[in-house]
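Here's the structure we're looking at; comments come further down.
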Amino acid sequence: MKDHQARAEVLRAEAQRKQAEAAAENRAAVQELLALGLSQRETGEVLGVSFQRVSQLAKTC
């Protein structure tokens, strides 16, 4: 049982790191597309998110 608990904890920590990495990549993608001259709406269409989410991501960079 302890082995399963320890493995679960390792996996949770890894998932947390991967989530942070994915969020950083999303912010980078938003910045790159906006820098290319796409509108927030167009950027959202490319990334499959709303333009409101693009606005949120752009503010966190």
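If contacts are Cα pairs under 8 angstrom and at least 6 residues apart, what is the relative contact order of the chain in percent? Please list the in-between numbers first.
On the way: 30 pairs, mean separation 17.2, N = 61.
Dividing the mean separation by the residue count of the chain yields 28 percent.
Rounding to the nearest 10 and keeping the result within 0 to 90°, find how far the Cα-based axis of helix 2-35 lies from the longest principal axis of the chain.
The helix 2-35 is inclined about 10 degrees to the chain.
Using the Kirkwood radius over C-alpha pairs as Rh, can you work out the diffusion coefficient of the chain via Stokes-Einstein at 20 °C, viscosity 1.002 mPa s, in µm² per second? Could the numbers behind the result be given before it?
Values: Rh = 13.0 Å.
Translational D for this selection: 164 µm²/s.
Leu47 versus Arg27, label points 7 Å from Cα toward the beta carbon: distance in nm?
Taking the simple label geometry, Leu47 and Arg27 are separated by 1.1 nm.
In deg cm²/dmol, rounded to 500, what helix-only [θ] at 222 nm does the chain give when every DSSP H run of at least 4 residues adds -39500 (n - 2.57) and the total is split over its residues? Show your work: numbers first, answer last.
Working: 3 runs with 51 residues, N = 61.
Counting only the DSSP helices, I get -28000 deg cm²/dmol.
Calculate, for the chain, the solvent-accessible area per residue in square angstrom, rolling a 1.4 angstrom probe over the heavy atoms of the protein chains. Show your work: numbers first, answer last.
Working: 4870 Å² over 61 residues.
Averaged over the residues of the chain, the accessible area is 80 Å².
The values are calculated or read from the model by the stated rules, or taken from the named source; none is laboratory data. Fair warning: this is a prediction, and the values are worked out from it, not measured in the lab. Cβ coordinates were reconstructed from backbone atoms using ideal geometry, including for glycine residues, and neighbour counts include every protein chain displayed. When the accessible area is computed, the model is the full protein with side chains, heavy atoms only, and any ligands, DNA or RNA have been set aside. Shrake-Rupley method; radii C 1.70, N 1.55, O 1.52, S 1.80 Å.
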